[in-house]
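The values are calculated or read from the model by the stated rules, or taken from the named source; none is laboratory data. Since this is a predicted model, take the numbers as computed values, not measurements. All Cβ positions, even for glycine, are placed from backbone atoms using ideal geometry, and neighbour counts span all protein chains on display. These accessible areas exclude ligands, DNA and RNA; they are computed on the full protein's heavy atoms, side chains included. Shrake-Rupley method; radii C 1.70, N 1.55, O 1.52, S 1.80 Å.
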Amino acid sequence: MDRKIYGAILFIQAIYTGMFLLSKVAFDVGMNPFVFVFYRQAAATVFLAPIALFLERKTAPPISFLICLKIFMLSLCGVSLSLNIYGVALKYTSATLAAATTNSLPVTTFILAVLLRMETAKIRTRAGIAKVMGIVLCAGGALTIAFFKGPTLKLLLHHHLFSYKGEVQNSAASGNAWIKGVFLMLLANALWATWLVMQNRILKSYPSKLLCTTLQCFMSTIQAFVFAIALARDPSEWRLGWNVRLLSVAYCGIVVTGVTFYLQAWVVEKKGPVYLAMTTPLALIFTIASSAVLFGEIISLGSILGGILLVGGLYSVLWGKSREHKTAASNTGDIEQAENGSSKEEIVEKQSSIPNARIQHASSPD
């Protein structure tokens, strides 16, 4: 099971890397971000609807008005508003910064999860200290990449694959636009963190993940259409041709929204929202490498140092959560043993063998 979860996480972050790059290119060649979100969600709805009806038509529980209202609000907060704000922010910044500021997700998600009592922060334990330190490292790494450049590093690859250069990339460094883009990107990620936390609660009352994802896509399509009609009045902004606009819409709609939303719901159900949020640094590393190779973006020392901090924070939190799970599992085993009539001596003997069992488990291939 753990290998499936790790594989799903790597796949999710690789898909998000493609989203950062393709959507940035589409916006830089003139596509309206509000129209882009509408087309993206519409494509995801068309893709997911027949699959959801075929697989979960007979097993899905009935949808009450309250559940429908919750899904509508979840779509508005975590999908429609988040994606529209993200699109505007991406026009002012770059794909690398988008991936970097996404690492504010662990901080926001952890705080929300603690407030809702979905996570604990026991700073007097080694696991709790590791989780808090991981959050600090992730935040420091994201800030380092966003605001510290340092000397640039030359790649051994002298010729990148595409001659594209982002139009906003040069102007974004001029101050006000860059600051505005960073602020909007952080706001979009705060809304996304809220979606991660509330998604877990809604899945407990409505466990049909695929149908729930499809409903979110459908409702966000309607919401995005309202935003686009109000903010994109020029008919030429709605045209799609056989170009990067259509490619980015199809990729983000079918692959990102259609595939990763379902995979994320599955990972959140198995491991919780903070676990998924803590894997976002992987997308940053993938994006930095891809941007350098595909578009010739220069890699700075700040990006390298920030990436190291992010990876360190990722494994610190995962280690803390893993240790908490092992402790909880061992305590549960002790209670069950006592309920089955074990003597006090047997329980003490079992507890003394737990450290050796942990060492063996840590050294196993799994």
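Gyration tensor analysis over the Cα atoms of segment 174-318 returns equivalent ellipsoid semi-axes of 27, 26, 16 Å (largest first, whole Å).
In this structure, the amide hydrogen of residue 299, modeled 1.01 Å from its nitrogen in the peptide plane, lies closer than 5 angstrom to those of 153, counting only residues at least 5 positions away or on a different chain. Reducing segment 1-72 and segment 184-239 to their Cα centroids gives an inter-centroid distance of 9 Å. About the centre of its Cα atoms, segment 57-137 shows a dipole size close to 320 debye [charges on the beta carbon of Lys, Arg (+1) and Asp, Glu (-1) only; nearest 20 debye].
Just to confirm a number: summing +1 for Lys and Arg and -1 for Asp and Glu over residues other than residue 217 whose beta-carbon lies under 15 angstrom from that of residue 217, what do you get?
Numbers: positive: 40, 209; negative: 56.
In short, +1.
The orientation-averaged shadow of the Cα convex hull for segment 9-132, equal to a quarter of the hull surface, comes to 10.7 nm². For segment 1-97, with all protein chains in place and a probe radius of 1.4 Å, 76% of the accessible heavy-atom surface sits on carbon or sulfur. A dipole drawn for segment 191-299 from +1 and -1 charges on Cβ atoms has a positive end, and of 295, 232, 200 the residue lying farthest that way is 200. In sequence order, segment 299-310 has phi-based couplings of 8, 9, 4, x, 5, 5, 5, x, x, 5, 5, 5 Hz under the Karplus curve 6.51 cos²θ - 1.76 cosθ + 1.60, θ = phi - 60°, and Gly or Pro positions carry x.
Between residue 205 and residue 329, the modelled labels are 3.2 nm apart [label points 7 Å from Cα along Cα→Cβ]. Here the Karplus relation 6.51 cos²θ - 1.76 cosθ + 1.60, evaluated at θ = phi - 60°, turns the backbone of segment 195-205 into coupling constants of 4, 4, 6, 6, 4, 5, 6, 5, 5, 6, 8 Hz, with x for every Gly and Pro.
Length gained on full extension, residue 14 to residue 59: 13.1 nm, using 0.36 nm per residue less the C-alpha separation.
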